[in-house]
1. Do we find that F94 is open to solvent by 80 Å² or more (accessible area, probe 1.4 Å) and within 23 Å of P47 (Cβ to Cβ) in this structure?
2. Report, by residue number, each residue of region 76-102 that is over 19 Å from the mean Cα position of the chain (by Cα) and at pLDDT 85 or above.
3. Against the condition open to solvent by less than 100 Å² (accessible area, probe 1.4 Å) and outside any strand (DSSP E or B), how does M9 come out, does it pass?
4. For region 30-87, which positions are in contact (Cβ under 8 Å) with a residue 40 or more places away in the chain, exposed (fewer than 15 other Cβ atoms within 10 Å of the Cβ) and touching a helix residue (DSSP H, G or I) at 6+ places or on another chain (Cβ under 7 Å)?
Amino acid sequence: MDGVKEDIMELKSAVNAEMMVLKAEVAKSGPIVSLPECPICMQDMAPPTRIIQCQMGHKVCEPCHDAAMGRGRRDCPGHCGTSFIGRDLGMEAFLRQLTGNN
């Protein structure tokens, strides 16, 4: 029975050591960043994508905005139906800084 306890203690020690190694590797990799995606084309709005927003703050990528405007749609494709007010320069700058694409 003592042999079983020793085996369990060795396994526990090995698992703890492996956990420490994995935690160190995760810490080295840095945070995982999820970029906002366009609700129309579902693509990440990574720089240099221009981001257009509606009056309620919903965001779409410029190509989808331009395509919607070309089809005569002048309002947000979301549920709010407000009109577009222009580029979201603050979000574009934030994403450039976040991704390192200055």
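The values are calculated or read from the model by the stated rules, or taken from the named source; none is laboratory data. Keep in mind that what you see is a predicted model, and the values were worked out from it rather than measured. Cβ sites come from the backbone with ideal geometry, for glycine too, and all protein chains shown count toward neighbours. The area values use the complete protein model at the heavy-atom level, side chains included, leaving out ligands, DNA and RNA. Shrake-Rupley method; radii C 1.70, N 1.55, O 1.52, S 1.80 Å.
1. Here the answer is yes, as F94 does meet what is asked.
2. C76, C80, G81, T82, S83, F84, I85, G86, R87
3. Considered against the rule, which asks whether it is open to solvent by less than 100 Å² (accessible area, probe 1.4 Å) and outside any strand (DSSP E or B), M9 comes out as no.
4. Within region 30-87, V33, L35 meet the criteria.
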